[in-house]
Amino acid sequence: MNAAEIFQLIWVAFLETLYMTIPASLIAYVLGLPLGVLLVITRKDGIKPVPTFNTVLGAVVNLLRSIPFVILLAMLFPVTRIVMGTAIGTKSVIFPLVISAFPYVARMVESSLIDVDRGIIEAAQSMGSTTWQIVYKVLLPEAMPSLINGAAICVTTILAYTAMASTAGGGGLGSLAIIKGLNLRKYDIMYVASIVLVILVQLITVSGTKLTRRLDHRIR
Amino acid sequence: MSIETGAPAQIEVVGLRKVFPLSGGGEFAALDDISLKINKGEIYGIIGMSGAGKSTLIRCMNRLETPTDGKILIDGQDVLTMNQKQLNMMRRKMSMIFQQFNLQMQKTVGRNVRYPLEIAGVPKHKANQRVKELLKIVGLEAKEDAYPAQLSGGQKQRVAIARALASNPEVLLCDEATSALDPMTTQSILALLQDINKRLGITVVIITHEMAVIRQVCTRVAILDGGKIAEEGTVDEVFVHTRSAAGKRLFGIIADQENSSDEKLTIPALRIVFDDENAQKPIIATLIRELGVDVNILAADVKRIGEKSYGQMLIAMPEDLESRKKTMDYLKEQGLTVKEVYPQ
Ligand SMILES: Nc1ncnc2c1ncn2[C@@H]1O[C@H](COP(=O)(O)OP(=O)(O)OP(=O)(O)O)[C@@H](O)[C@H]1O
Ligand SMILES: [Mg+2]
């Protein structure tokens, strides 16, 4: 296999990886962000305390989070078939990725929001803010740098999960490394695919950190 | 500012109680049967030692803290029966500033000040114009685009004040607003509060543990001690005729000596309290020159802060009864408050 062919394989797998990671991350945030907000505001000492609801929600999130991705992937097979039309292939993996990632995202968002200074929230309350106004005009903007940092971590986690897509017949860099590289003993492909994955993770992590620092106006 | 007598008080607290559950079971009364009345347009001080319940009291006023018992009337309306919506409307008429400023760190000064206008639905161009006006009031026009982290403590508190004024409040609650600031900055913030009170007629409630703050700007004061009001009245009254032990403790050394053991009933000393007018008269010099008595000054504490000056002096009394009486009479003639005390 020549370099051009390897490059072609890697390029396709790279696109497949993005094709799984990007939509899965976006949808995981669409679900996880509001959930994280709920986890914070309904706490006993939150701005809209509903302790029982909070406990139940927290338990459900923890339960989902504790199931390893590979097992979830298998368990979800029938549901995935209904939701995605098929349980096999790159596209179908997006669904289990989302299910596995959104509780993780919710916890990540929760931990960012919890760090917002209580005094700032109280000041907002003392000015007559509604709960919604506090969430989107105080909590989220104040936590933004930390939320971005958390997002970078979540995306890299989802990216790592995509490597297991081969279990469900999905593509991507991970599958390429395992199926073509490991199983068919094409070690050059395995190494190149792995290196590209590593670079991708590094890129996301570094730009996340950079962006976080740029957005944070607390320092200086 | 005029003090209306017929109209409802700006803030009236009646029989307020606040009990916190203790973690080990049982409860703790942070406030116990507090009643006070704050008139429109005055600057009312609440002073007390740490843990006295000052913050709890002021936080009950805008219901950041829910009272256990009692009544809080704002302009005649009961805060405790309000639903969330009414409460939010009331809070927009009653702003608060804090010791730690509590500004949003990720927003510029301008956007911090604009926040109350945003949540009240003021159109953007109008809001922006108002932000400029407000920043001018607090003298920070140039800092509109700066972030709070780039400001000094005093500047941050000015931003907080501008933000508090944005909603055109009737009341400004200040919880230790100057406690994180150095003396110079404290002076300028107090002057600003006084100016706001005079120019805009806003009722100001100031919480502090520093007597100087009260003396400088307040019209009336309540001394809070262990969750109860130890003493209440005009600042002059409370300072010159301090009755409570808590008050004496807050006023410092001379009061302490006065409190100490009354076993040593040797010769009484005299505690003289000066107020504004006679703080400048050469009373002691006159005493020595005209009455021919020897005066031994044991302690003196004369403060001239802002528009008023107060002083206390402790002098040793002459041994013989006659010159003692002469001295007393002379001092009383001068309109001074004099009291015999027994120092160690
Ligand atoms: N949420 C709470 N739970 C339990 N106890 C509380 C709570 N808030 C306040 N207290 C207690 O109530 C008492 C009064 O507190 P408060 O904060 O009102 O005092 P303070 O006069 O403002 O003191 P400082 O000058 O230190 O600010 C303290 O003993 C404090 O421990
Ligand atoms: Mg306090």
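The values are calculated or read from the model by the stated rules, or taken from the named source; none is laboratory data. Worth saying up front: this structure is predicted, and the values here are computed from it rather than measured. All Cβ positions, even for glycine, are placed from backbone atoms using ideal geometry, and neighbour counts span all protein chains on display. Note: areas computed on protein heavy atoms with side chains; ligands, DNA, RNA excluded. Shrake-Rupley method; radii C 1.70, N 1.55, O 1.52, S 1.80 Å.
Restricting attention to region B:33-89, the residues that are more than 14 Å from every other protein chain (Cβ to nearest Cβ) and either open to solvent by less than 40 Å² (accessible area, probe 1.4 Å) or more than 14 Å from ligand 2 (Cβ to nearest atom) (or both) total 33. Applying the criterion of being of a type outside the set (A, V, I, L, M) and out of contact with any Pro (no Cβ under 8 Å at 6 or more places or on another chain) to the residues of region B:15-27, the residue that is least open to solvent (accessible area, probe 1.4 Å) is B:Gly15. Taken as a whole, region B:217-233 holds at least one residue that is of a type in the set (S, T, N, Q), surrounded by fewer than 22 Cβ atoms within 10 Å (Cβ to Cβ) and either assigned by TED's automatic domain parsing to the domain that holds B:Gly139 or within 24 Å of B:Phe274 (Cβ to Cβ) (or both).
When the residues of region B:21-32 are narrowed to those that are within 12 Å of ligand 1 (Cβ to nearest atom) and more than 12 Å from B:Gly226 (Cα to Cα), which ends up farthest from the other protein chains (Cβ to nearest Cβ)? Talk me through it step by step, then tell me what you get.
Taking region B:21-32 first, the residues within 12 Å of ligand 1 (Cβ to nearest atom) are B:21-24, B:26-32.
Now restrict to residues that are more than 12 Å from B:Gly226 (Cα to Cα): B:21-24, B:26-27.
On the way: B:Pro21: 13, B:Leu22: 16, B:Ser23: 13, B:Gly24: 18, B:Gly26: 20, B:Glu27: 18 Å.
So, considering only residues that are within 12 Å of ligand 1 (Cβ to nearest atom) and more than 12 Å from B:Gly226 (Cα to Cα), the one farthest from the other protein chains (Cβ to nearest Cβ) is B:Gly26.
Quick check on B:Ser50: is it among the small types (Gly, Ala, Ser) and touching a Ser or Thr at 6+ places or on another chain (Cβ under 7 Å)? Here the answer is no, as B:Ser50 does not meet what is asked. A Cβ distance below 9 Å, combined with a sequence gap of six or more or placement on separate chains, defines the contacts here; from region B:142-162, residues that are in a helix (DSSP H, G or I) reach residues that are of a type in the set (Asp, Glu) and surrounded by fewer than 19 Cβ atoms within 10 Å (Cβ to Cβ) in the pairs B:Gly153/B:Asp182; B:Gly154/B:Asp182. Just one of (1) open to solvent by 10 Å² or more (accessible area, probe 1.4 Å); (2) in a strand (DSSP E or B) fails for B:Cys174. It is (1). For B:Ala180, the stated conditions hold: it is under 27 Å from A:Asp216 (Cβ atoms) and within 16 Å of ligand 2 (Cβ to nearest atom). Does A:Ile114 satisfy the criteria of being in contact (Cβ under 8 Å) with a residue 12 or more places away in the chain and closer than 21 Å to A:Leu39 by Cβ? Spelling it out, A:Ile114 is indeed in contact (Cβ under 8 Å) with a residue 12 or more places away in the chain and closer than 21 Å to A:Leu39 by Cβ. Would you confirm whether or not region A:141-160 contains a residue that is of a type in the set (Ser, Thr, Tyr) and touching an Asp or Glu at 6+ places or on another chain (Cβ under 8 Å)? Yes, because at least one residue in region A:141-160 is of a type in the set (Ser, Thr, Tyr) and touching an Asp or Glu at 6+ places or on another chain (Cβ under 8 Å).
Which of the residues belonging to region B:109-119 are facing chain A (nearest Cβ under 8 Å) and either in contact (Cβ under 8 Å) with a residue 24 or more places away in the chain or in a loop (DSSP other than H, G, I, E, B) (or both)?
Answer for region B:109-119, where residues must be facing chain A (nearest Cβ under 8 Å) and either in contact (Cβ under 8 Å) with a residue 24 or more places away in the chain or in a loop (DSSP other than H, G, I, E, B) (or both): B:Tyr115, B:Pro116.
Every test in (1) modelled with pLDDT of 95 or more; (2) of a type outside the set (Lys, Arg); (3) over 13 Å from B:Ile11 (Cβ atoms) is passed by B:Gly26 save one, and that test is (1). Note on region A:101-220: enclosed helices (runs of 4 or more DSSP H) holding 3 or more residues that are open to solvent by 40 Å² or more (accessible area, probe 1.4 Å) and more than 10 Å from chain B (Cβ to nearest Cβ) are A:140-162, A:187-215. Here is the figure for region B:96-106: residues that are open to solvent by less than 10 Å² (accessible area, probe 1.4 Å) and more than 16 Å from ligand 1 (Cβ to nearest atom) total 2.
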